[in-house]
Structures are given as C-alpha cells and as structure tokens.
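Accompanying notes for the structure given below.
The values are calculated or read from the model by the stated rules, or taken from the named source; none is laboratory data. All figures in this text were calculated on a predicted structure; none of them were measured in a lab. Note that each Cβ is placed from the backbone with ideal geometry, even for glycine, and that neighbours are counted across all protein chains shown.
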Amino acid sequence: METPSACPYCGVGCGVLIKTENAKITGVRGGPNHPANFGRLCTKGATLHLSATRANRVLYPEVRLTKDQPRVHTPWQAALGQAADKFAAIIKQHGPDAVAFYISGQLLTEDYYVFNKLAKGLIGTNNVDTNSRLCMSSAVAGYKLSLGADAPPACFDDIDHAQTHGDGRSGRPAPHDQARHRHRALQRDAQRDAPRTAGGSPTPVRQQEPALRQ
C-alpha cells in the first residue's frame, strides 16, 4: 500500500509515496506526478522511512550528574526537575541572559509560542531564535541586496525553459537540490539542447560539474 504525502525537510515540498505493510512504514519514493519533484527525491527524502523506526530513537530521558559518568535511565519527573534546578541556579548566579534557546525550524506555531513564553515571559530573556530564521538569514540578506526582495525571484518551471543557468552557491552538492536534478534531466532530454551552466564557488572546481569551469 502507498499513501501520498509530502517531504517535511526543506521548503521545496516534494511529493512522496509512503509504502506500508501491516501498518508499518517500509519505504518511500517520489510521487511521479507531483509538480514539485516529478518522482525525484534527494538523499534526505529518499531515506525518510528510516526515521520511522524505533531502533535509534530516544524514548526516555537519560541523565548523568557529571560528564565522566554514564547516562542513566531517569523518570520524566525527575529529569525535568533536575533540568529546572540547573536553569534556576544559572539564572540566579548569572542573570536571565545567561540562558539562550536555539530551537528547531520544524516545530508547530503553538510550540514556538510556548518556547517564547518560557524564554521571555518566565525566564525574562530575549535570547530565543530558531533555525527556520537563521538557516536562511545569509541567503535573505543576499536576495535583498542583489534583487530587492527576500525570496527567490524564480520558480522551478523557469529552469525548464532557460538556456543558461547561473549557480553561485558554495554548497552545490547539497542533498536537497531539485534545481540540479532538473538541470540533469534537461541534459538527458533528447528533445532539446542541454542548457549551459555557469558556476562560481569557493569549493573545489571538480564539485561544479557539470558547470562550466570558470
């Protein structure tokens, strides 16, 4: 059985088909008709099903009193109490700004609300930020400076019609790279000439393939 869904990782929103057997997730593949990826998945999306296994997941709190001691399975109430005591001791000695929260970019709106209430309302610090903002802060600064808007000015369909692609990223081999997948698909398409790619990067030139070496 396959159930259509969407990959939760980056902002591309690739469609996936989740394979299940006996109410357990056994695999995943790209949705062949989904407009964001047309069946293609990056490494992270293609291994989504591995995150559904309990084998390597933390299922209960583990606590150690010193760094040289092994972690010990601890009841939730005791673990939460110890964490609260540690926070309280740091705040009492150094003040509320000695505490900071750097939280996930994949929480729900209600989760962000609770974290901000904890940091700003209870502890009294503004030191709270999320990966959903910081992971794109440099890209947004570049968009604003060069293009005057804080988002990419194109869409994936533009790639299919362009004759030349410019690639200036430092991380071209990044795993979640639908732009690269589309470029390679166009290269394999016998119905049209392959587009040219001009690439510039501080990474080694060999990683810029199939870009023009400039």
Which one of HIS34, HIS49 is in contact with a strand residue (DSSP E or B) (Cβ under 6 Å, 6 or more places away or on another chain) and either within 22 Å of LEU107 (Cα to Cα) or among the charged types (D, E, K, R) (or both)? HIS49
Those residues of segment 15-31 which are under 20 Å from GLN106 (Cα atoms) and touching a Phe, Trp or Tyr at 6+ places or on another chain (Cβ under 9 Å), in sequence order: GLY15
Just name the residue that is surrounded by the most Cβ atoms within 10 Å (Cβ to Cβ) out of those in segment 23-38 that are in a loop (DSSP other than H, G, I, E, B) and modelled with pLDDT of 90 or more. GLY31
Could you say whether any residue in segment 118-136 is charged (D, E, K, R) and closer than 16 Å to GLY11 by Cβ? yes
Is it true that some residue in segment 45-62 is touching a residue at least 60 places away in the same chain (Cβ under 8 Å) and within 24 Å of THR130 (Cα to Cα)? yes
Limited to segment 49-72, what total is found for residues that are surrounded by 10 or more Cβ atoms within 10 Å (Cβ to Cβ) and hydroxyl-bearing (Ser, Thr, Tyr)? 2
What pairs come out if I take residues in segment 111-135 that are without any contact (Cβ under 8 Å) to a residue 40 or more places away in the chain and on the phi > 0 side of the Ramachandran plot and pair them with residues that are surrounded by 14 or more Cβ atoms within 10 Å (Cβ to Cβ) and part of a helix (DSSP H, G or I) whose C-beta lies under 7 Å away, six or more apart or interchain? GLY124/PRO96
Positions within segment 73-98 being touching an Asp or Glu at 6+ places or on another chain (Cβ under 9 Å) and exposed (fewer than 12 other Cβ atoms within 10 Å of the Cβ), in sequence order: HIS73
